[in-house]
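See below for the structure under consideration.
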């Protein structure tokens, strides 16, 4: 009888062994479930066709836009090819400037041949490059250079620093300084780029008469 009980004890597994075996089986099932590939989500055939059509239309629109841009650019090229050349023949020929071209400065005279500059220093104050230097002096009855009390005895512009901004022209209350069309200012010597009053002042009228020593009386005065 003892031998029979021993055989039954060997045939029946222990509770601990059953627990571990069950745990292993559950773990294997869980790993298989999470590691298995998800079933492919298949879109309806109609949705796939619409998506492909949208992609094709976008590609066609991009191609057409690029072709239109190229055609527009080439039309301008061909149009200019049929036009006569507009290259300036400088220095072999004269140059053409726009009316508002900002070239070298010119100091103007009034209708009486007097200098318009009254040495107010507004142009020098407005210059952002600080390239204008002026020395003022009083007019006298014996020698008059401008129609005001003072005139510019010294008027220099340093073209090493000038940026041709036109602020001096806008600031002048008597329109004494303007931009001319002179542009050949390049030099290998920087000292020659400091222009003096004599270089910028408009020549005397064709009569060649010097400015009057006294301010002329206004028209109609006795």
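I'd like to know if the stretch 202-220 contains one or more residues that are within 15 Å of residue 108 (Cα to Cα), modelled with pLDDT of 90 or more and not in a loop (DSSP other than H, G, I, E, B). No, because not a single residue in the stretch 202-220 is within 15 Å of residue 108 (Cα to Cα), modelled with pLDDT of 90 or more and not in a loop (DSSP other than H, G, I, E, B).
Per-residue answers, yes or no, for (1) over 30 Å from residue 117 (Cβ atoms); (2) modelled with pLDDT of 85 or more; (3) in contact with a helix residue (DSSP H, G or I) (Cβ under 7 Å, 6 or more places away or on another chain); (4) part of a strand (DSSP E or B):
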position	(1), (2), (3), (4)
60	yes, no, no, no
71	yes, yes, no, no
77	yes, yes, no, no
85	yes, no, no, no
88	yes, no, no, no
91	yes, no, no, no
99	no, yes, no, no
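Note on the stretch 155-165: among residues that are farther than 23 Å from residue 114 by Cα and in contact with a helix residue (DSSP H, G or I) (Cβ under 8 Å, 6 or more places away or on another chain), the one that is surrounded by the most Cβ atoms within 10 Å (Cβ to Cβ) is 159. Within the set 136, 119, 152, 104, the sole residue that is at pLDDT 90 or above, surrounded by 10 or more Cβ atoms within 10 Å (Cβ to Cβ) and within 34 Å of the chain's Cα centre (by Cα) turns out to be 104. Total residues in the stretch 166-188 satisfying the condition of being farther than 25 Å from residue 151 by Cβ, out of contact with any helix residue (DSSP H, G or I) (no Cβ under 6 Å at 6 or more places or on another chain) and free of Cβ contacts under 8 Å to residues at least 60 places away in the same chain: the figure is 3. The single condition among (1) in contact with a helix residue (DSSP H, G or I) (Cβ under 8 Å, 6 or more places away or on another chain); (2) surrounded by 13 or more Cβ atoms within 10 Å (Cβ to Cβ) that residue 125 does not satisfy is (2).
The values are calculated or read from the model by the stated rules, or taken from the named source; none is laboratory data. Keep in mind that this is a model prediction, so the values were computed, not measured. Reconstructed Cβ throughout: ideal geometry from the backbone, glycine too, with neighbour counts over all protein chains shown.
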